[in-house]
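S.K.: This is the structure, below, for whatever I ask next.
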Amino acid sequence: DVRTPPKMSRAATVKDVPAGPFIKSLAAHFKDGGQMEVPDFAEYIKTAPFKELSPYMYNQDWYFVRAASIARKIYLFEGMGVGGLAKVYGGRAQRGTRKAHYKRAARGVIRHILKQLGEMKIVSTEKYTNLKEKKRLDAKKEKGRYITAHGKRELDTIAKQLFNKLPRAEFYDIKYQEAKEEPMEDEVAEGEGEGEGEQ
């Protein structure tokens, strides 16, 4: 009897989906949720000193996109703070005929977004090693922001919805017997090499 592989679970986390589509979906979630308020200065400010124009010129929802990107960064790299995120979103500052230098991004925008994410209970300055016992990490070791249980659940939900829309990889549907009968590429190469040696 030819056995078929068991159906794979479609459960997924943020690590299982591409960054671009996930950030776009999370930004739309933040916008539709109504919990995040766009500041009045979002239309005028730049995200870094080396930028020439405000991102509002290209995307009026840039604030939600940056918030989604920051939430994803903290999910993947816990303990990042304003300074660390400013380095991540920094870039090359052109100085005319002089040598270009690296400069950090605007920290005020990052700090404003982190404050709102904290009010939404997505990130926190406290890290719990045991949520049931409310056991915290040593306060001296707590630096930056950490993803909360609520934030992790919310981001994973968005990731799972996106993951289910992605096409299923073909190798999941290959039958065991077919995979066993097909020769591997290494085996084919070895067989060809032996035939050449005999001649």
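S.K.: Inside the stretch 43-86, can you point out the residues that are over 11 Å from ALA105 (Cβ atoms) and in contact with a strand residue (DSSP E or B) (Cβ under 8 Å, 6 or more places away or on another chain)?
M.R.: Matches in the stretch 43-86: ALA71, LYS73, ILE74, TYR75, GLU78, GLY79, MET80, GLY81.
S.K.: Quick check: anything in the stretch 164-173 at pLDDT 90 or above and within 17 Å of the chain's Cα centre (by Cα)?
M.R.: The answer is no; no qualifying residue exists.
One line per residue, one yes/no per condition, for (1) within 17 Å of SER124 (Cα to Cα); (2) part of a helix (DSSP H, G or I):
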| residue | (1), (2) |
| --- | --- |
| ASP32 | no, yes |
| MET36 | yes, no |
| GLU52 | no, no |
| TYR56 | no, yes |
| SER69 | yes, yes |
| TYR75 | yes, yes |
| GLY84 | yes, yes |
| ARG92 | no, no |
| LYS99 | no, no |
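S.K.: Tell me which residues, restricted to the stretch 85-105, are open to solvent by less than 30 Å² (accessible area, probe 1.4 Å) and either touching a residue at least 12 places away in the same chain (Cβ under 8 Å) or among the β-branched types (Val, Ile, Thr) (or both).
M.R.: Those that are open to solvent by less than 30 Å² (accessible area, probe 1.4 Å) and either touching a residue at least 12 places away in the same chain (Cβ under 8 Å) or among the β-branched types (Val, Ile, Thr) (or both): LEU85, ALA86, GLY90, GLY91, ALA93, ALA105.
S.K.: Given (1) among the charged types (D, E, K, R); (2) within 16 Å of LYS152 (Cβ to Cβ); (3) part of a strand (DSSP E or B), identify the lone condition not met by LYS15.
M.R.: With respect to (1) among the charged types (D, E, K, R); (2) within 16 Å of LYS152 (Cβ to Cβ); (3) part of a strand (DSSP E or B), LYS15 is out only on (3).
S.K.: Hey, can you tell me all the residues within the stretch 18-36 that are in contact with a Phe, Trp or Tyr (Cβ under 9 Å, 6 or more places away or on another chain) and among the charged types (D, E, K, R)?
M.R.: The one that is in contact with a Phe, Trp or Tyr (Cβ under 9 Å, 6 or more places away or on another chain) and among the charged types (D, E, K, R): LYS31.
S.K.: Pick from the stretch 109-146 the residues that are assigned to a helix (DSSP H, G or I) and open to solvent by 80 Å² or more (accessible area, probe 1.4 Å): which of them is modelled with the lowest pLDDT?
M.R.: LYS140
S.K.: In the set ALA106, ALA67, ALA93, which member is under 16 Å from PRO39 (Cα atoms) and touching a Phe, Trp or Tyr at 6+ places or on another chain (Cβ under 7 Å)?
M.R.: Going through ALA106, ALA67, ALA93 in turn, just one is under 16 Å from PRO39 (Cα atoms) and touching a Phe, Trp or Tyr at 6+ places or on another chain (Cβ under 7 Å): ALA67.
S.K.: Is one or more of the residues making up the stretch 39-62 within 30 Å of PRO167 (Cα to Cα), modelled with pLDDT under 95 and among the hydrophobic types (A, V, I, L, M, F, W, C)?
M.R.: So far as the stretch 39-62 goes, yes, one or more of its residues are within 30 Å of PRO167 (Cα to Cα), modelled with pLDDT under 95 and among the hydrophobic types (A, V, I, L, M, F, W, C).
The values are calculated or read from the model by the stated rules, or taken from the named source; none is laboratory data. Source: prediction; values computed, not measured. FYI the Cβ positions are ideal-geometry reconstructions off the backbone, even for glycines, and counts take in every protein chain you see. Side chains included, ligands, DNA and RNA excluded: accessible areas come from the protein's heavy atoms. Shrake-Rupley method; radii C 1.70, N 1.55, O 1.52, S 1.80 Å.
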